[in-house]
Amino acid sequence: MTVLRSSEYFPSGDSPVAIEPRHPHDTFPEHHHLDFNEIVLVEHGTGTHVFNDQPLILSAGSVCFVRYRDHHLYENTDNLHLTNVLYRRPEAFRFLNRISELLPQEVNGNYPAHWRINPGQIIQAKMLIDLMANTAFSSLPESQAQQELYFMQLLLLLRKGSRDVGYHGQGGDLNNLLDWMNVHYDEEIDWAVIAEKFSMSLRTLHRQMKQQTGCTPLNYLNRLRLLNARNMLRFGDSSITEIAHQCGFCDSNHFSTLFKREFGYAPRHVRQ
């Protein structure tokens, strides 16, 4: 596994923050960070983020908090544009205290690493990130204080606008729907019923899904199912047919066809 070090990205040993844009971000192998953390903001495009062996589809507004001990990779990227905000451990900040309280907290082994923000908040976040990037780092206290202030404002913005991935009730926006699908991908879905559930027309659902994810609702659902099926094949003991059914596919042959089309190899090859 590739190991990334702060010396490769931070302008100096004292700088607590560094900005790394990826426009676009190509497929990147599994890696972890030796001595820094990362906030990933997706501006547009799509891709698969495999975070600590768990796959999730990224799209505009996705935010991921990667700790130095996490391992992750990007694959199946399609015009994926993102910005990485790298930061050292909290004690590296000169003027900020207790910033960890604004970051996702692991509870009973569950770390809510993925959040979402809306399009307006993406613009605000990018403005703050640009201000951080354009603030020349120096040993002067006012320079360091300014950069840390922008970082604090970014954390507040993300915390205010985000939702931990998962269904938190009905709502009239696509983010709620995408969160719901991440949990209920294995269920039989009637798109007309789902559109009504999330207070939008079926036509609006199709249009917004295509705009934000680049996929039709059915293609997005199948991709979610296939990603989770591949994960179960890698780490579980169930048969291919059982996994197909557990992930929402009624026909294991159809599942195998879609799997090979998506990943370029048959399900049985995952275990070879």
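Could you identify which residue out of Val85, Val63, Val193 has the top mean-square fluctuation in a GNM of the chain using Cα springs shorter than 10 Å?
Val193
Identify which of Glu262, Glu20, Glu101 has the largest mean-square fluctuation in a Gaussian network model of the chain, with springs joining Cα atoms closer than 10 Å.
Glu101
Which of these values of semi-axes √(5λ) of the Cα gyration tensor in Å was calculated from the structure shown: [x] 35, 24, 22; [y] 35, 22, 15; [z] 29, 22, 16?
Working out semi-axes √(5λ) of the Cα gyration tensor in Å from the coordinates points to [y].
So for His44, His184, His49, fewest C-beta neighbours within 10 Å to most, what's the order? All intermediate terms of the calculation are to be shown ahead of the outcome.
Details: His44 18, His184 15, His49 24.
The fewest-first ordering by Cβ neighbours comes to His184, His44, His49.
Just from its helices, what would the mean residue ellipticity at 222 nm be for the chain, if runs of 4 or more DSSP H residues each count -39500 (n - 2.57) and the sum is divided by every residue, rounded to the nearest 500 deg cm²/dmol?
-12500 deg cm²/dmol
Among Ile240, Ile99, rank each residue by its count of other Cβ atoms within 10 Å, from fewest to most, as a rough exposure measure.
With the sparsest Cβ surroundings first, the list reads Ile99, Ile240.
Find out how many positive minus negative residues lie around Arg5, taking Lys and Arg as positive, Asp and Glu as negative, among other residues whose Cβ is under 15 Å from that of Arg5.
-1
Check each of the chymotrypsin sites (Phe, Trp or Tyr not before Pro) in the range 69-165 and keep only those in coil by DSSP with at most 16 other C-beta atoms within 10 angstrom; list them in order.
Answer by residue number: Phe95.
Read the figures in this text as sums done on the coordinates, not as results from a lab. Note that this is a predicted model, so its numbers are computed, not measured. Glycine gets a Cβ as well: all are built from the backbone with ideal geometry, and neighbour counts include every protein chain shown.
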